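See structure below.
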Amino acid sequence: MRDMSRWLLPGLLVLVVVMLVVLTTPSSTRSLRYEASLEVLQETARIDVGSDPFIILSADTDSDDQPDLLVTSTGTGTLSVIRNHGKEGFGKPQVYSLSPGTFGVAAGDLNGNSHVDLVVSNERTSTLTLLLNDGNGLFTSRIDIPTGGGPHVTAVADFNGDSVADIASPNYHVNSVSVMLNIGDGTFGESQAYAVHKQPFCAIPVDLNNDGAIDIATTSYTEGCVDILWNDGDGGFNTRSSVELGSGLWSIAAADLTGNALSDLIVTRYSSGAITVLANRGGGKLERDGDYLTGTSGPCWVTPFDLDSDGHTDLAVVDGYAHSLIVLRNAGDGTFRNKAVLPTGKGPSSSTAADFNGDGRDDLAIANWQSDEIVLFLNSAS
């Protein structure tokens, strides 16, 4: 694999850490049974993209009700937009040259014209690039704005309730999250920085206490904490709570795993070969509800999706060292007991879920860092 040492631990160190974790596994750790019947995801396409594709996202950029693919390429400093043409499949990537070290990509309507705009974080230049949609799925207007040092996986949501999308950028090098509130026309006021634990990697928007205001959850790679910045209702985040899980936290996702209408959190623990579920007990209370060993050495990204359309949220986890996709099926009560493992190609780093072929099932697309490609898995579950 190419040098990912700025974010990934060397392979030998990872194996040592995993062995230590296994020897000191807490009682809440649960193993997963292999189940061949889960292998209903079939690889159907590979799409070549720029060097080192890192973060992938699905969004309908051209308003045709079909999810397109967006992927950042850190090696070339570019963003690829890959249009979904329905039965004809995906088209050739349209490449936008941005800044060195393009990292995360997020989508939202930034200027109130009902079209999906994009926010790309540029890790090396400590800037965000806003790409505004011309209404036809082309991003012809670009704005670069400064943020804190080393922005990583950025969140876009309406934080202050004015019906326009705001931005929250986790700043890996300065241990903060910068929140930029939208003035209303795609321009942003002065950013406000909120302290979090060291090296925040990923930020997501989620209402964790059901008060109608969107909170921010982040992962700390070095100190191993999940930080929650609680929204005061006006887009301020002066109250913070934290859950310590152990170093090497990577991605974080939110989903209702138990069907109680509350968003739970799922975290990939890259150094520990596991994912952790933080169950939402209501009132903003999060409890560690189990660690699931994936059986691989470096789970780096988790994507909630419904594998078998049963209304229960399953999980797709990609492992960059094992070059694999691990599918965990929800038993119906928010716990996971069975898994399937599928090869992905070299060095998967992130994934996204959507119904790409219009058959009503959740499919998956995975960015392969090492082999410079996107791999599409279509769902054939009955």
Dividing the mean separation of Cα pairs under 8 Å (6+ apart) by the residue count of the chain yields a relative contact order in percent of 16
Here the range 348-361 yields Karplus 3J(HN,Hα) values (6.51, -1.76, 1.60; θ = phi - 60°; whole Hz; Gly and Pro given as x) of x, 10, 7, 8, 8, 10, 5, 8, 7, 10, x, 9, x, 10
CD proxy, 222 nm, the chain: helix-only mean residue ellipticity via -39,500 (n - 2.57) per DSSP H run with n ≥ 4, per residue, nearest 500, stands at -1000 deg cm²/dmol
Checking Thr258, Thr239, Thr296 against a Gaussian network model of the chain (alpha-carbon springs below 10 Å), the top fluctuating residue turns out to be Thr239
Expressed in angstrom and rounded, the centroid-to-centroid distance over alpha carbons for the range 125-150 and the range 311-355 is 31
Largest fluctuation, His312, His85, His152 only, Gaussian network model of the chain with Cα springs under 10 angstrom, belongs to His85
With a 30 Å threshold on alpha-carbon distance, the violating pairs from Lys198/Lys285; Lys92/Lys339; Lys92/Lys198; Lys198/Lys339 are Lys92/Lys339; Lys92/Lys198; Lys198/Lys339
Computed ³J(HN,Hα) along the range 49-62: with the Karplus parameters 6.51/-1.76/1.60, θ = phi - 60°, integer Hz and x for glycine or proline, the list is 9, x, 4, 6, x, 10, 10, 10, 8, 10, 6, 8, 7, 10
Toy charge model, Lys and Arg Cβ at +1, Asp and Glu Cβ at -1: the chain dipole around Cα centroid in debye, rounded to 20, equals 1440
Of Tyr292, Tyr321, Tyr194, ordered by accessible area with the largest first and a 1.4 Å probe, the sequence is Tyr321, Tyr194, Tyr292
Sorted list, accessible surface of protein heavy atoms, 1.4 Å probe, largest first, for Arg269, Arg33 is Arg33, Arg269
Expected vector for the range 138-155, Karplus 3J(HN,Hα) from phi with 6.51, -1.76, 1.60 and θ = phi - 60°, integer Hz, x for Gly and Pro, equals 9, 10, 8, 10, 10, 10, 10, 10, x, 9, x, x, x, x, 10, 8, 8, 10
Under a 1.4 Å probe, counting only protein heavy atoms, Asp65 has an accessible area in Å², nearest 10, of 140
Mean separation of Cα contacts under 8 Å (at least 6 apart) over the residue count of the range 219-341, i.e. the relative contact order in percent, is 16
Residues meeting the amide H criterion for Ser141 (H placed from the backbone, H to H distance under 5 Å, 5 or more places apart or on another chain) are Leu132
Relative contact order of the range 52-156 (C-alpha contacts under 8 Å, at least 6 apart) in percent is 21
Rounded to the nearest 10 Å², the accessible area of Asp359 using a 1.4 Å probe with every protein chain kept is 60
Across Leu32, Leu328, Leu249, the residue with the highest GNM fluctuation in the chain (Cα network, 10 Å cutoff) is Leu32
Given a Förster distance of 51 Å, the FRET efficiency implied by the Cβ-Cβ spacing of Ser382 and Glu190, rounded to the nearest 0.05, works out to 0.45
Rg from C-alpha atoms of the chain, normalised by the globular rule of thumb 2.2 N^0.38 Å, equals 0.91
Non-local residues with an amide H under 5 Å from the amide H of Gln370, with H modelled 1.01 Å from N and Pro and chain starts lacking one, are Gly347
Reduced to Cα centres, the span from the range 41-66 to the range 207-253 in Å works out to 28
With Gly345 itself left out, Lys, Arg at +1 and Asp, Glu at -1 over residues whose Cβ is under 13 Å from its Cβ give -3
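The values are calculated or read from the model by the stated rules, or taken from the named source; none is laboratory data. Just so it is clear, the structure is predicted and the values come from calculations on it, not from any experiment. Glycine gets a Cβ as well: all are built from the backbone with ideal geometry, and neighbour counts include every protein chain shown. All accessible areas refer to the heavy atoms of the entire protein, side chains included, with ligands and DNA or RNA removed. Shrake-Rupley method; radii C 1.70, N 1.55, O 1.52, S 1.80 Å.
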